[in-house]
Structures are given as structure tokens and as C-alpha cells.
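The values are calculated or read from the model by the stated rules, or taken from the named source; none is laboratory data. Just so you know, these numbers come straight off a predicted model, no measurement behind them. Cβ: placed from backbone, ideal geometry, glycine included. Neighbour counts: every protein chain shown. We work out accessible area using only protein heavy atoms, side chains counted, and drop any ligands, DNA or RNA first. Shrake-Rupley method; radii C 1.70, N 1.55, O 1.52, S 1.80 Å.
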Amino acid sequence: MKLHLFLTGQKGIGKSTIIKKVTQNLELSIGGFETYKGIGNDQNIYISPWNKRYYDIEHQVGIRDGIKADGKTYTFDNLGVQILETSNKTSQLIIMDELGFLENKADNFQTHCLKTISNDIPVLGVIKEQKGLWLDKIRNHKNVQVIQVTIENRNQLVKVITNHFKNKNG
């Protein structure tokens, strides 16, 4: 397996759940970020450092109006970059949950994601299935392996990925 692993698959298949279970099995300093929906009727999308959740405007990266979501480039290019810079200095494993279309115009954030996967600190992430120049740069990077999560393999992946990162840091 390559140094960095990115999970992909249908919405709700368990990609983020796999990451949470893997990180619980590792005794490493873990950094990075997660994106997530608001609570209750708040369908906007937020970004925070790994394992911390904030639901304020400073952490909002996507505004949802029913079906469509528009990315907030400023938040990705500032807060997202800050999270990655800190993680690159302090972490043994970096989480990127998830990379998708909201970042399409966030050039600074994209650059920092690409820098991060060019480094030696292992990355575990989620990448949307949709095609696009920005996402294809991640998928096609020489240090990245993309793993398709399915109902059939999702339970086994926790052990396989945990062992992968234990071996990379052991």
C-alpha cells in the first residue's frame, strides 16, 4: 500500500466511520480536518480540526440552499490552510475528511493539500467519487492509494488500514 490512503464510495457507506474507528485504534498524534453538516435544520457544511466540531460562521465552508451547496473559498483558504499547516508541524497522521467539490475555487487550500500529500507524514482521507481536475490531482498523486468502500469490505478495512498506519509509524 502507498503512504497515503483515501477512501471513496457511496454517500453513507461508512467512510468517515472507518476513519473514526481507525484513529481510535492508533496511539499517534492525529491532526487534520473533518467537514460535516450542521445540527438539526442547519444543512450548511463546516470544517474544524480533527475531532473538534464548531458550528459558527468562521467554520462554515458550504452554504446549502436545498439541494445545491456553494463553497466558501475564504474559509478553506484561511482556516483550512491553518489547520493543515499546524497538522504538518505537530501530527504523526493527518486526516482529510473530506475532499470534494466545495474546494474547487480554493486554490490556496488545494495547494496545501497537495503539499501535505507530497510530504512524509501519512494521510488518511475521504475523497468524493466525482471527477474533476482538483480531485484527480489527489487521486493520481504517486503517494496516494484510493480505496473503494463497499458494504462487502467496510468491516475488514478498519483492521487493514489500522495495521497499515501502525506499520508506517512503528
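For this structure, a couple of remarks:
- Taking each residue of region 81-101 that is more than 15 Å from Ser29 (Cα to Cα) and looking for partners that are open to solvent by 50 Å² or more (accessible area, probe 1.4 Å) and modelled with pLDDT under 95 with beta-carbon atoms closer than 9 Å, six or more apart or interchain, yields Gly100/Gln130; Phe101/Gln130.
- Number of the condition not met by Thr150 [criteria: (1) part of a strand (DSSP E or B); (2) within 14 Å of Ser16 (Cα to Cα)]: (1)
- Residues of region 58-68 that are free of Cβ contacts under 8 Å to residues at least 40 places away in the same chain and surrounded by 18 or more Cβ atoms within 10 Å (Cβ to Cβ): His59, Gln60.
- Hey, Val160 farther than 22 Å from Pro49 by Cα, open to solvent by less than 10 Å² (accessible area, probe 1.4 Å) and of a type outside the set (Lys, Arg) or not: no
- Enumeration of residues in region 138-157 that are under 20 Å from Leu99 (Cβ atoms) and open to solvent by 100 Å² or more (accessible area, probe 1.4 Å): Asn140, Lys142
- Residues in region 14-33 that are farther than 15 Å from Ile121 by Cβ, in contact with a Ser or Thr (Cβ under 7 Å, 6 or more places away or on another chain) and surrounded by fewer than 22 Cβ atoms within 10 Å (Cβ to Cβ): Asn25 alone.
- Selection within region 36-54 - under 16 Å from Ile83 (Cα atoms) and in contact with a Leu (Cβ under 8 Å, 6 or more places away or on another chain): Ile47
- Scanning region 116-137 for residues that are within 16 Å of Lys2 (Cα to Cα) and in a helix (DSSP H, G or I) yields Thr116, Ile117, Lys137.
- Restricted to strands (runs of 3 or more DSSP E) entirely inside region 1-88, those with at least 1 residues that are of a type outside the set (A, V, I, L, M, F, W, C) and modelled with pLDDT of 95 or more are 4-8, 30-37, 45-49, 60-65.
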